[in-house]
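The block underneath contains the structure these notes are about, expressed in structure tokens.
Read-outs: derived from the displayed coordinates by stated rules, not from any lab. Being a predicted model, the structure only gives us computed values, none of them experimental. Note that we place each Cβ from the backbone using ideal geometry, even for glycine, and neighbour counts take in every protein chain shown.
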Amino acid sequence: MYSEKVIDHFSNPRNVGEIENPSGVGTVGNAKCGDIMRMYLDIDDNGIIQEAKFKTFGCGAAVATSSMATELVKGKTVEEALKVTNKAVMEALDGLPPVKVHCSLLAEEAIHAALWDYAEKHDLKIEGLQKPVNDISEHEEDIAEEY
Ligand code: FES
């Protein structure tokens, strides 16, 4: 039911932890399942993400998607990181079972929340970035329509 990549990133998650004095940090949760994800980003003066770390209190798919999301955003510009959607994270993991799709949305929204925090702290406007939500369960119906 889970791909080898999901199992690998769940059993051996990359980039777990915190960044001291991060450029941006964001926390999002899903009130329905109770899972919470926090994403830390270290972004240099050129707007390149040098480091990404996460802490996830959640299901295995949430851990695997956070792990993959941090891997995908590292080395990217802020604008490129914005394009790391939950779909991109799922594809990089060779898919997720339909009931676990919402877990990948937590990863996407956690990246957005950290980028939002970065933009606010640095008084920047990131084109295309919308104010993140604290509780992604509000979005679940939109996702259900997509998949
Ligand atoms: Fe809620 Fe996975 S079950 S994030």
Counting sequence-distant residues (5 or more places) and residues on other chains, those with an amide H built under 5 Å from that of Asp35 are Asn30
Residue ranges of DSSP H helices in the chain that stretch 18 Å or more (Cα, own long axis) and have mean Kyte-Doolittle hydropathy of at least -0.5 are 60-73, 101-121
Within the under-14-Å Cβ sphere about Pro132, not counting Pro132, Lys/Arg +1 and Asp/Glu -1 give a net charge of -4
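Report the FRET efficiency, 1/(1 + (r/R0)^6), for Lys131 and Ser3, where r is their Cβ-Cβ distance and R0 is 41 Å, rounded to 0.05. All intermediate terms of the calculation are to be shown ahead of the outcome.
Details: r = 33 Å, r/R0 = 0.79.
Here the calculated transfer efficiency is 0.80.
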With label points set 7 Å from each Cα along the Cα-to-Cβ direction at Glu120 and Phe57, the distance between them in nm comes to 2.0 nm
For region 17-29, in residue order, the Karplus 3J(HN,Hα) values (coefficients 6.51, -1.76, 1.60; θ = phi - 60°; whole Hz; Gly and Pro = x) are x, 10, 10, 6, 6, x, 5, x, 9, x, 10, 9, x
